[in-house]
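To keep things clear, I will list the structure first and then write my remarks on it.
The values are calculated or read from the model by the stated rules, or taken from the named source; none is laboratory data. Here the structure is a predicted model, which is why all the values come from computation and not from measurement. Cβ: placed from backbone, ideal geometry, glycine included. Neighbour counts: every protein chain shown.
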Amino acid sequence: MYSPKIIVVGGVNVDTTFEVRVLPAEGQSVSATGSYTSIGGKGLNQALAARRAGVPVAIIGATGDDDGGQMIRNFLAAEDINTEFLLQIDGASTGRAFIVLDQNARNLIVGQSGARILPEAPLIQDITNAWEGWRGVDFVAANGETTSSFVREIFDTARNKEILTAWNPSPMPTDPAPLLRRTDILVLNQTEASELLGVDRSPETLASELRAISPREVVLTLGEEGCMLVNDEIVHVPARAVQARDPTAAGDTFLGYFLSSRSRGCTFREAAEIASTAASLCVQEKGAAATIPRRESVLETLTAPL
Ligand code: RIB
């Protein structure tokens, strides 16, 4: 297995999507117009986006010993992602996500963790041992689809090695503060920012409040409105206007392309523009991992006029 430049910790899932005309309201029953199964999970999607951007990536996570787990392993092997630390938990089911997608490209996601809970002590030690032989790790990223205490340990390990940590609090843990303290780059959407700050405000207000509590860089993603970049200043980067069909995995695509672009030496803003372009391609297709674009398509779109 090769030496990764980006390590991603997080969920690997089998997704089941139900297509509906309009998202159900609380207490309402609706009929699906169609359904399909695909490979996803925030960890898998983020790792895949970074890999499809052309950077060596390792994923840390777990599957069960079921058919879903095998399907995921075959997929990751074909994408040439380092799976040395993708555990297989005997007797457990692979994580699942149930997605409801409406005709206006709005979705709801409910996840079931299954095998995603990671054992800490032995795994951290094994990773630390392997890490001694890895050269040039630039970022360790994690999302909310895994064990917070494990992420704390691996972020501490990374920071002791002066490696930057990136955190996507999706879903938001019950106590985000310990992870926030260990985060160098925070990437989150408007709903997550409101959850984190305990207020539901405009993107501009959220961005300035995030700046006050912030790690060194924050990216507040805003869907079709683009994103706000927060460090010494706050900058809005607009998104390309596209016909969105499914937002699933768009945030993951953003994160993977953002980190891979930083790893290649792009500035904060350049990386966000590339990541935003990649996400704009992702939302035009239905599904999760399979809709994450490859570098060639992203580069081609970047050179096309806005
Ligand atoms: O971010 C999208 C992902 O969230 C889906 O692939 C699904 O697995 C859920 O975890």
Practice task
Could you figure out which of (1) modelled with pLDDT under 95; (2) in contact with a Cys (Cβ under 8 Å, 6 or more places away or on another chain) isn't true of residue 216?
Solution key: (2)
Completion exercise
From the option list 115, 58, 53, 77, single residue qualifying as of a type in the set (A, V, I, L, M) and either within 16 Å of the ligand (Cβ to nearest atom) or over 28 Å from residue 275 (Cβ atoms) (or both) is 115
Problem - Qualifying residue in the stretch 128-147 (condition: in a helix (DSSP H, G or I), surrounded by 15 or more Cβ atoms within 10 Å (Cβ to Cβ) and within 21 Å of the chain's Cα centre (by Cα)) - result: no
Practice task
Can you give me the number of residues within the stretch 3-29 that are free of Cβ contacts under 8 Å to residues at least 40 places away in the same chain and acidic (Asp, Glu)?
Solution key: 1
Exercise for the section: Only residues that are surrounded by fewer than 22 Cβ atoms within 10 Å (Cβ to Cβ), aliphatic (A, V, I, L, M) and under 18 Å from the mean Cα position of the chain (by Cα): list them for the stretch 263-306, please. Expected result: 281, 290
Completion exercise
Going through the stretch 30-54 in order, the residues found to be of a type outside the set (Gly, Ala, Ser) and without any contact (Cβ under 8 Å) to a residue 60 or more places away in the chain are 30, 33, 37
Fill in the blank from the handout: Looking across the stretch 283-306 at residues that are free of Cβ contacts under 8 Å to residues at least 40 places away in the same chain and not in a loop (DSSP other than H, G, I, E, B), the single one that is nearest to the ligand (Cβ to nearest atom) is 297
Exercise for the section: Determine if the stretch 220-235 includes at least one residue that is of a type in the set (Val, Ile, Thr), more than 19 Å from residue 179 (Cβ to Cβ) and away from the ligand (no atom under 16 Å from the Cβ). Expected result: yes
Practice task
With the condition kept exactly as written, say whether any residue in the stretch 21-35 is modelled with pLDDT of 95 or more and under 19 Å from the mean Cα position of the chain (by Cα).
Solution key: no
Practice task
Give me a count of the residues in the stretch 25-68 that are hydrophobic (A, V, I, L, M, F, W, C) and out of contact with any Ser or Thr (no Cβ under 7 Å at 6 or more places or on another chain).
Solution key: 11
Exercise for the section: Filter the stretch 1-22 for residues that are away from the ligand (no atom under 16 Å from the Cβ) and farther than 20 Å from residue 56 by Cβ and give the result. Expected result: 20, 21, 22
